[in-house]
Structures are given as structure tokens and as C-alpha cells.
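The values are calculated or read from the model by the stated rules, or taken from the named source; none is laboratory data. Keep in mind that this is a model prediction, so the values were computed, not measured. Note: ideal-geometry Cβ built from the backbone for every residue, glycine included; neighbour counts use all protein chains shown.
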């Protein structure tokens, strides 16, 4: 019986800890209607030449034509 209580307490503490963490959302860019009401914060990473080179090597290229950016290329 004592082992069952310990297991139940441990399960309850684990569940409460998982619920207490919550979600984290950070806005670094805001466009369009209602953008003036957003709390925009600076990015964590600096925008150095090394950062831009890293992004260009490991990010898919963006289409310069805005109408083709969200078209599925299958």
C-alpha cells in the first residue's frame, strides 16, 4: 500500500511539473493588420556575415516572386 501511494505521489508531481512548464512564444517580426499592437522583441542571434552564410548554406532558397513562395512544388 505504501508503494502505491509513493507511485501515485510521484505521478502527480510529474504531471504538475509538466503542466507548469507552459508554452513559450517570442515575436521577432510582425506584419499586416494589428502589427502595431504586437510586442516585437529583438532576435537572439546577431546578423553577422557568418550568420548569413550559415543560413544560406542550410536554408532552402526563397523565391524572389512573392506569388510563388507558398506554392507546393510537387
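Restricting to region 55-74, name every residue that is part of a helix (DSSP H, G or I) and at pLDDT below 75.
66, 67, 68
Applying the selection to region 3-51, what residues are within 19 Å of the chain's Cα centre (by Cα) and not in a loop (DSSP other than H, G, I, E, B)?
18, 19, 20, 21, 35, 51
Can you name the number of the only condition in (1) surrounded by fewer than 10 Cβ atoms within 10 Å (Cβ to Cβ); (2) modelled with pLDDT of 75 or more that residue 52 fails?
For residue 52, the failing item is (1).
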